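Input: a single structure, listed below in structure tokens.
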Amino acid sequence: MAGNKGGCGISFAKRVSDEADAEDILQDVFYELIEAYRLMKPIEQAGAWMFRVARNRIVDRFRKKRPRHLLPRKIRMRKAAIR
């Protein structure tokens with residue numbers, strides 16, 4: 001992503017500190033775009049859609065990296081019961 005002057009790259013730089021994570025998220029966004037095109041899903045505003053997908057992927061990544069002890073006790077108990 002070094003040298004990327006596009007809005008999407010700048011947005012990632014502000015929200016994701018790890019360059020490898022930012023590149024993974026960007027790859028996920030473009031994969032979703034290709035899948036939407038392949039499945040012929042209409043996208044009215046591609047830029048807004050891409051930012052929404054990127055935002056969702058960033059949130060997903062932070063959720064996965066969040067330490068378990070920060071989860072509320074009720075959620076930890078429910079996850080333990082499922083296993």
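The values are calculated or read from the model by the stated rules, or taken from the named source; none is laboratory data. Being a predicted model, the structure only gives us computed values, none of them experimental. Note that we place each Cβ from the backbone using ideal geometry, even for glycine, and neighbour counts take in every protein chain shown.
Of note:
- Total residues in region 39-53 satisfying the condition of being more than 16 Å from Gln27 (Cα to Cα) and of a type outside the set (A, V, I, L, M, F, W, C): the figure is 4.
- You will find that of Ala36, Ala22, Ala48, the residue that is surrounded by 15 or more Cβ atoms within 10 Å (Cβ to Cβ), more than 13 Å from the chain's Cα centre (by Cα) and at negative phi is Ala36 and no other.
- Here Ile43 passes the criteria (1) assigned to a helix (DSSP H, G or I); (2) surrounded by 10 or more Cβ atoms within 10 Å (Cβ to Cβ) except the one numbered (1).
- Test for Arg57: is it outside any loop (DSSP other than H, G, I, E, B), modelled with pLDDT under 85 and under 16 Å from the mean Cα position of the chain (by Cα): no
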